[in-house]
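All of the numbers you see were taken from the coordinates with simple rules; none came from a lab. What you are looking at is a predicted structure, and each value in this text was computed from that prediction instead of being measured. Quick reminder, even Gly has a Cβ in these numbers, built from the backbone with ideal geometry, and neighbours come from all protein chains shown.
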Amino acid sequence: MTNPVFCAFDMPDTASALEMASRLKGRIGGIKLGMEFFMAEGPAGIRALSAQNVPIFLDLKLHDIPNTVAGAVTSLLPLAPHFMTIHTAGGPAMMQAAVKAAAGAGPNRPKLLGVTVLTSLDQADLAACGHTAKTQDLVVTLAKLAQDSGLDGIVCSPQEIAAVRAACGPDFVLMVPGIRPLWAAAGDQKRVMTPREACAAGATHLVIGRPITAAPDPAEAATRIQEDLAA
Ligand code: C5P
């Protein structure tokens, strides 16, 4: 079994990220780098981490008009990320333009994942933005739209795995944050699942940050998660 864990490196500098990458070598399936890292360290920072031969999930949550998002995807292709994210709320034309742009990289193109409803938004926030649908219904609608637009999968919370898996079938990538092993503190994550629970529910990939990166021994924490998943 390939390791499904993408470790969230929520840190702003390449030196700390490289240090963490070397501690975790061979114990994680990939590294998730987001806006905090990219805004500080840019393409050079991403290249430095890819050079460690670890798959990169570049979580920049692109959202703009189709032409601009397609251009951004094309500009990111030389960094050869394994996964990258775009907002499904950008609509079908934007997602299709992103898919077409990613195809320019050929068979090793990055897989595109959709962001549906940010988990920081509750029902009242959605209502304030003019959405009347229930959160989970909106997530499923946007997941299906992403799939119909050619995306490879979505990022979703543990609570949404089952509904999205049922709606989108077995081949859709579900990258799931909000994961906590039983031995780790929940921190600010409110609705969590263990790695095994999330995989059993239908997650294909897990985003795990602080349970690994803030552990006294990150390498040991990553190994424990690996062993737990393999058991
Ligand atoms: O440290 P922790 O395991 O909570 O990190 C989870 C990572 O996943 C963070 O980078 C966080 O921004 C991201 N994420 C999340 N919940 C979402 C989407 C992304 O925790 N709904």
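Note on the range 1-12: among residues that are in a loop (DSSP other than H, G, I, E, B) and surrounded by 13 or more Cβ atoms within 10 Å (Cβ to Cβ), the one that is nearest to the ligand (Cβ to nearest atom) is Asp10. When we screen Ser149, Ser157 for residues that are away from the ligand (no atom under 15 Å from the Cβ), crowded, with 21+ Cβ neighbours inside 10 Å and not hydrophobic (A, V, I, L, M, F, W, C), the only hit is Ser149. Scanning the range 49-67 for residues that are assigned to a helix (DSSP H, G or I) and over 20 Å from Val5 (Cα atoms) yields Pro66, Asn67.
Would you point out which residue out of Ala44, Ala70, Ala15, Ala40 is within 16 Å of the ligand (Cβ to nearest atom), in a helix (DSSP H, G or I) and among the hydrophobic types (A, V, I, L, M, F, W, C)? Just a single option satisfies the conditions, and that option is Ala40.
Checked against (1) surrounded by fewer than 21 Cβ atoms within 10 Å (Cβ to Cβ); (2) within 16 Å of the ligand (Cβ to nearest atom); (3) assigned to a loop (DSSP other than H, G, I, E, B), Ala203 passes all but a single condition, namely (1).
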